[in-house]
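One structure below.
The values are calculated or read from the model by the stated rules, or taken from the named source; none is laboratory data. These numbers come from a predicted model, not from an experiment. Every residue, glycine as well, gets a Cβ built from its backbone with ideal geometry; the counts of neighbours run over all protein chains shown.
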Ligand code: C2E
Ligand code: MG
Ligand code: MG
Ligand code: MG
C-alpha cells in the first residue's frame, strides 16, 4: 500500500514538475519576445533628504508590460532573466532608458540603477555604462549603481576592479538590501561604497521595535565612520520617517514619500516632500 501511495505521489509530483516546466518555458519565450519588442517600462521611485525634505534622486525599477497579464513586477521575471542570461540585453536597455530619462530631471537629481550579479560578470559592463553616459549626456556624478551583497560573494577581485573603475568615473555605488544577506562587514571596507540602503524589513514599527532602532542606529554610526550615507527603504508612515530622522538616517524612500511611477509622472511631482500630518 505504501509502495503504490509512494508511486502516486511520485506521479503527482512529476506532473506538477512538468506543468511548472511548461509554464517556465512559456514565460521564457514571452520574455525573449518582450525583449525583442521592448515591452518593458522603467518606473522611478524617488528618495528624499530626511533633513530638508528635498528630492535627491530616484531609483529605476523595471516592469514588464505583458499583453495578457498586464504589468508584471520584477520579482516575477528577473530571476528567470538571470537564469537565461536575458538579463544582459534587458539590463543594457534599462541602463540606456534610465540615463536618457534622467537627463530630463533637475540637475541635482540622481538616478539609481539596480544591477544583478549576472550583469556584474559581463566584462563589457563597464564600457556599456561609460558609453551610455556619453551618448545620453548624463554626467557620471548623477548615476548610482545599486548592488546587493550577493554580488560580492564571488569573484571579489574582478568586482573590486570594476567598482573602482566606476568610482573613478564618478559613478556612486550603493549597497542594497543591507542587513538581509550574510556577507561580513568587511565588504564595506573592501569595496568603495558611497551609500548603504537599509532593507525595508527593518522598518516595521520603529518606535515599538526598539531592536530595529538599535540596528539602524548602529548602521548609521558605522556608515558615518566609513564616510558613507544611509538610505532607509520601505518607509510607509510618518512615525517611521520621524524615527529615521532621530536616528540620523540621510535619505528615505518608500510608499509614504512616493511610489514607483513613469518618468512623466515623476517630473510632475513636487521636489520637496512635505508630510501631511493629521491635526491632533
Ligand atoms: P529593490 O532594489 O530593493 O527595490 C525596492 C523594492 O521595494 C521595489 O519593488 C519597490 O517598489 C518596493 N518598495 C518601495 N517602497 C516600498 C514601501 O514603502 N513598502 C514596500 N512594501 N515596498 C516598497 P519592485 O519594484 O517590485 O522591485 C523588486 C526588486 O526587483 C528590487 O528590489 C530589485 O532587486 C529588483 N529589480 C527591480 N528593477 C530592477 C532592474 O532594473 N534590474 C535588476 N537587476 N533588478 C531589478
Ligand atoms: Mg534597489
Ligand atoms: Mg532594496
Ligand atoms: Mg529589495
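Some observations on this one:
- Looking only at region 184-193, and only at residues there that are away from ligand 1 (no atom under 16 Å from the Cβ) and in a loop (DSSP other than H, G, I, E, B), the one that is nearest to residue 168 (Cα to Cα): 192
- Here is the figure for region 195-217: residues that are crowded, with 16+ Cβ neighbours inside 10 Å and either within 16 Å of ligand 2 (Cβ to nearest atom) or within 17 Å of the chain's Cα centre (by Cα) (or both) total 8.
- Residues in region 129-161 that are part of a helix (DSSP H, G or I) and at pLDDT below 95: 149, 150, 151, 152, 153, 156, 157, 158, 159, 160, 161.
- Checking residue 40 against (1) out of contact with any strand residue (DSSP E or B) (no Cβ under 6 Å at 6 or more places or on another chain); (2) crowded, with 16+ Cβ neighbours inside 10 Å, the condition it does not meet: (1)
- Sole residue being in a loop (DSSP other than H, G, I, E, B) and over 20 Å from the mean Cα position of the chain (by Cα), chosen from 20, 51: 51
- Only one of the numbered conditions (1) assigned to a loop (DSSP other than H, G, I, E, B); (2) surrounded by 15 or more Cβ atoms within 10 Å (Cβ to Cβ) is not met by residue 275, and that is (2).
- Those residues of region 194-217 which are within 15 Å of ligand 1 (Cβ to nearest atom), assigned to a loop (DSSP other than H, G, I, E, B) and in contact (Cβ under 8 Å) with a residue 24 or more places away in the chain, in sequence order: 199, 203, 205, 206
- Residues (part of a loop (DSSP other than H, G, I, E, B) and either free of Cβ contacts under 8 Å to residues at least 24 places away in the same chain or closer than 17 Å to residue 57 by Cβ (or both)) located in region 229-241: 233, 234, 235, 237
- Entry remark, region 164-181: residues being in contact with a helix residue (DSSP H, G or I) (Cβ under 9 Å, 6 or more places away or on another chain) and away from ligand 3 (no atom under 16 Å from the Cβ) number 5 in total.
- Beta carbons closer than 6 Å, at least 6 apart along the sequence or on distinct chains, pair a first residue in region 255-268 that is at negative phi with a second that is assigned to a helix (DSSP H, G or I) and away from ligand 2 (no atom under 15 Å from the Cβ) for 263/101.
- Residues that are touching a residue at least 40 places away in the same chain (Cβ under 8 Å), buried (at least 16 other Cβ atoms within 10 Å of the Cβ) and more than 8 Å from ligand 1 (Cβ to nearest atom), drawn from region 50-80: 50, 53, 55, 56, 57, 58, 77
- Selection status of residue 244, in contact with a strand residue (DSSP E or B) (Cβ under 6 Å, 6 or more places away or on another chain), assigned to a helix (DSSP H, G or I) and under 30 Å from residue 72 (Cα atoms): no
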